[in-house]
Amino acid sequence: MSSNNKNNKLAEDIKFCTECDDQLDDFCFSDISKNLEEIKKNTANCKKTGKFKGDFCSKRFIADDDLEMFSTDNVK
């Protein structure tokens, strides 16, 4: 399997949380999208209150430039 196919397979296996719904529409243009620490706090609060449904926060995916999770080194 090629490296690209492995990355695509891993991406398909991840369920992104989208419970914030409409807030995601223009999130990449918002001020908070540039503050990864605030996004992490928000994600922790979503988990604490039971709002978080998925494997990875969509806001964090949008804001984070470290996409190590999609590295072929992480494919089992």
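Laboratory data are not the source of any read-out in this text; all were calculated from the coordinates shown. Quick caveat: nothing in here was measured; it's all calculated off a predicted structure. Cβ: placed from backbone, ideal geometry, glycine included. Neighbour counts: every protein chain shown.
Brief remarks on what is shown
- Phi-based couplings in Hz for region 27-34 (Karplus 6.51, -1.76, 1.60; Gly and Pro marked x): 4, 4, 9, 7, 5, 5, 5, 9
- Lys41 sits among other residues whose Cβ lies under 15 Å from its own Cβ, and their net charge, with Lys and Arg +1 and Asp and Glu -1, is +3.
- The peptide list 39-46, 57-64, 21-28, put in order of mean Cβ contacts within 10 Å with the highest first, becomes 57-64, 39-46, 21-28.
- Derived scalar couplings ³J(HN,Hα) [region 53-59; Karplus, 6.51 cos²θ - 1.76 cosθ + 1.60; whole Hz; x for Gly, Pro]: 9, x, 9, 8, 6, 5, 4
- Other residues within the sphere of radius under 13 Å centred on the Cβ of Cys17, judged by their own Cβ, net out at +3 (K and R +1, D and E -1).
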